[in-house]
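The values are calculated or read from the model by the stated rules, or taken from the named source; none is laboratory data. Predicted model, so just to flag it, every value in this text is computed and none were measured. We place every Cβ from the backbone using ideal geometry, glycine too, and count neighbours over all the protein chains shown. What goes into the accessible areas is simple: the full protein's heavy atoms, side chains included, and nothing from ligands, DNA or RNA. Shrake-Rupley method; radii C 1.70, N 1.55, O 1.52, S 1.80 Å.
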Amino acid sequence: MQGIGSFVAIGDSFTEGVGDELPDGSVRGWADFVAAGLATAQGGPVRYANLAIRGRKLGGILHEQLEAAIALGPDAISINGGGNDILRPRVAIDHVGERLAEAAHRIAAAGIRPIMLSGGNPSAVMPIGAVMQRRGDALARAVRARVADLDAPYVDNWSDPELRAPRFWSRDRLHLNAAGHAHVARNVLRALGYDAPEGWRDLAGTSTAEGMRDIGYYREFVLPWLGRRFTGRSSGDGRDPKLPGFVEVPPIG
């Protein structure tokens with residue numbers, strides 16, 4: 001398999017890395033891990049950009065990020081989206097799956113390797129878990145049915161049973177923590193034919209979804225989320241892409 005010397009990630013908070021906060025207030029996330037893992041496995045630096053913006057629905061990802069990512073001319077583009085769409089009261093899941101598949105085909109048509117991946121499944125830890133499970137299952141089926149003709153990996157984090165454990169999720173019970181993002185990165189690298197650095201297995205999240213859901217949880221996370229929904233706002237309003245241009249990521253060690 002041809003190596004990946006340059007990699008661009010597009011998506012929402014999952015791809016931006018929310019939940020894996022660093023001491024300086026920035027976020028890391030699975031895509032950062034993948035860039036470092038590729039550089040380490042291939043023995044040389046990888047150029048990496050990340051156009052993801054938290055809170056984006058799929059339409060915003062495709063409108064703002066897809067063509068910009070293609071214009072950078074990378075060897076590979078990862079695409080994930082739809083998580084914010086299926087959290088809305090009404091959603092046409094087949095339409096979301098169709099648009100994701102069309103985006104993957106657009107990437108392939110540009111001569112770039114698409115890397116499709118689903119997000120982790122938070123249904124075991126979040127308050128509306130049954131709804132999330134049903135809709136996430138339907139989205140995964142819709143995407144799989146439409147990308148079978150592509151010679152490209154589909155990394156099914158949604159169906160990964162280990163990733164459902166509370167220790168992989170942050171306190172908001174919607175985003176993965178550092179350990180969860182590292183686990184997703186291992187899944188992606190494995191799908192690309194590479195091993196991940198062993199040290200990633202020892203990462204621990206600075207917060208986890210373990211423990212009881214008390215009133216403080218709803219006050220800190222659920223009520224603000226509902227407020228944004230009712231007022232049409234997004235957590236990503238006014239935010240720029242995480243890394244709009246290439247940075248060089250060296251091998252680890």
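Being closer than 24 Å to residue 129 by Cβ, surrounded by fewer than 23 Cβ atoms within 10 Å (Cβ to Cβ) and of a type outside the set (A, V, I, L, M, F, W, C) holds for only one residue in 82, 97, and it is 97.
For residue 103, state whether it is without any contact (Cβ under 8 Å) to a residue 60 or more places away in the chain and under 21 Å from residue 30 (Cα atoms). Lay out the reasoning, then the answer.
Working: without any contact (Cβ under 8 Å) to a residue 60 or more places away in the chain: yes; under 21 Å from residue 30 (Cα atoms): yes.
The answer is yes for residue 103.
Within segment 1-28, residues that are over 24 Å from residue 83 (Cα atoms) sit with their Cβ atoms under 6 Å from residues that are in a loop (DSSP other than H, G, I, E, B) and open to solvent by 20 Å² or more (accessible area, probe 1.4 Å), at 6+ positions apart or across chains, in these pairs: 1/193; 4/75; 5/75; 6/75.
Of the set (1) open to solvent by 10 Å² or more (accessible area, probe 1.4 Å); (2) of a type in the set (Phe, Trp, Tyr); (3) under 23 Å from residue 109 (Cα atoms), all apply to residue 48 but (1).
Just one of the listed residues (11, 5, 29, 37) is at pLDDT 95 or above and surrounded by fewer than 22 Cβ atoms within 10 Å (Cβ to Cβ), and it is 5. Considering segment 171-217, the residues that are over 24 Å from residue 42 (Cβ atoms) and outside any loop (DSSP other than H, G, I, E, B) include one that is modelled with the lowest pLDDT, namely 217. Within segment 67-79, the set of residues being surrounded by fewer than 21 Cβ atoms within 10 Å (Cβ to Cβ), aliphatic (A, V, I, L, M) and in contact (Cβ under 8 Å) with a residue 12 or more places away in the chain comprises 68, 70, 72. Applying the set (1) within 17 Å of residue 13 (Cβ to Cβ); (2) of a type outside the set (Asp, Glu); (3) open to solvent by less than 20 Å² (accessible area, probe 1.4 Å) to residue 59 leaves exactly one unmet item: (3).
Would a scan of segment 140-150 turn up a residue that is part of a loop (DSSP other than H, G, I, E, B) and touching a residue at least 24 places away in the same chain (Cβ under 8 Å)? It would help to see each step written out before you state the result.
Of all residues in segment 140-150, those part of a loop (DSSP other than H, G, I, E, B) come to 147-150.
In the following step, the residues that additionally are touching a residue at least 24 places away in the same chain (Cβ under 8 Å) were identified as 147, 150.
Checking segment 140-150: at least one residue is part of a loop (DSSP other than H, G, I, E, B) and touching a residue at least 24 places away in the same chain (Cβ under 8 Å).
Selection of first residues in segment 178-195 that are among the hydroxyl-bearing types (Ser, Thr, Tyr) and of second residues that are open to solvent by less than 10 Å² (accessible area, probe 1.4 Å) and part of a helix (DSSP H, G or I), restricted to Cβ pairs under 8 Å at least 6 apart or on distinct chains, gives the following pairs, ordered by first then second residue: 194/37; 194/38. Report whether or not residue 130 is open to solvent by 50 Å² or more (accessible area, probe 1.4 Å) and over 20 Å from residue 17 (Cα atoms). Yes; evaluated as a whole, the condition is true for this residue.
For first residues located in segment 114-129 and closer than 16 Å to residue 10 by Cα and among the β-branched types (Val, Ile, Thr), partners that are at pLDDT below 95 and assigned to a loop (DSSP other than H, G, I, E, B) and lie 6+ apart or on another chain with Cβ distances below 6 Å form the pairs 115/153.
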